[in-house]
Amino acid sequence: MVSCADMMQISSAWIRIMNKMMALEKNPRDFGSGDHLSSAEIHMIMVIGKNPSQNITSISEELGISKSAVSQMVRKLEQKNLVERSQLPDNEKEIRLSLTPRGRIAFLGHETHHAVIFARMHEKLGDMTEEQFASIMTFFSAIESTADEFMRED
């Protein structure tokens, strides 16, 4: 059984990790296109790149953000020449989004960035047993469900 002191140690480590992750997310990064992209910008590029020809509504639903937030981000990415809009020939109201060649470079650069992260993690955790993996997944599930509970209370 885990003691309260052990739980405090886990909590402290988790908070430290979250703070470091938030600091990493705050710093814009160039993924090869020559643009310093925020976390929100590169994640929008990733959604558009993985789901070509999506519209603003479907992106809004996928990311769980408002259509106006998606529109604002798309405008920013259009100004940086990373995303473009196009109308469907048979439906002038329907706007589809796609990556420009520079947007595709950023998309692929981000994919490479994740591959490097996963490779480093695999170096550190590749010899993990199935039991250890199951324990970590139980831990993450408990954190996520606790966060969900607090979000419902707000």
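Does the range 112-134 contain any residue that is in a strand (DSSP E or B) and hydroxyl-bearing (Ser, Thr, Tyr)? Show your work before the answer.
From the range 112-134, those in a strand (DSSP E or B) are none; that's our starting set.
No.
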Could we say that residue 42 is in contact (Cβ under 8 Å) with a residue 60 or more places away in the chain, surrounded by 13 or more Cβ atoms within 10 Å (Cβ to Cβ), in a helix (DSSP H, G or I) and of a type outside the set (S, T, N, Q) here? yes
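Each row is one residue, and each column tells you yes or no for (1) touching a residue at least 24 places away in the same chain (Cβ under 8 Å); (2) over 24 Å from residue 58 (Cα atoms); (3) within 22 Å of the chain's Cα centre (by Cα).
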{"residue": "83", "(1), (2), (3)": "yes, no, yes"}
{"residue": "91", "(1), (2), (3)": "no, no, no"}
{"residue": "94", "(1), (2), (3)": "yes, no, no"}
{"residue": "108", "(1), (2), (3)": "yes, no, yes"}
{"residue": "114", "(1), (2), (3)": "no, yes, yes"}
{"residue": "120", "(1), (2), (3)": "no, yes, yes"}
{"residue": "123", "(1), (2), (3)": "no, yes, no"}
Could you tell me whether residue 95 is surrounded by 10 or more Cβ atoms within 10 Å (Cβ to Cβ), hydrophobic (A, V, I, L, M, F, W, C) and part of a strand (DSSP E or B)? yes
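Anything in the range 1-18 that is surrounded by fewer than 10 Cβ atoms within 10 Å (Cβ to Cβ) and either at pLDDT below 90 or part of a helix (DSSP H, G or I) (or both)? List them, or say none. Before you say what the answer is, go through the steps one by one.
Taking the range 1-18 first, the residues surrounded by fewer than 10 Cβ atoms within 10 Å (Cβ to Cβ) are 1-5.
If the condition is that a residue be surrounded by fewer than 10 Cβ atoms within 10 Å (Cβ to Cβ) and either at pLDDT below 90 or part of a helix (DSSP H, G or I) (or both), then 1, 2, 4, 5 are the ones that fit.
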Using the structure shown, decide if residue 103 is surrounded by 12 or more Cβ atoms within 10 Å (Cβ to Cβ) and out of contact with any His (no Cβ under 7 Å at 6 or more places or on another chain). yes
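The values are calculated or read from the model by the stated rules, or taken from the named source; none is laboratory data. Quick caveat, the model's predicted, so the values are computed rather than measured. Cβ atoms come from the backbone with ideal geometry, glycine included; neighbour counts cover every protein chain shown.
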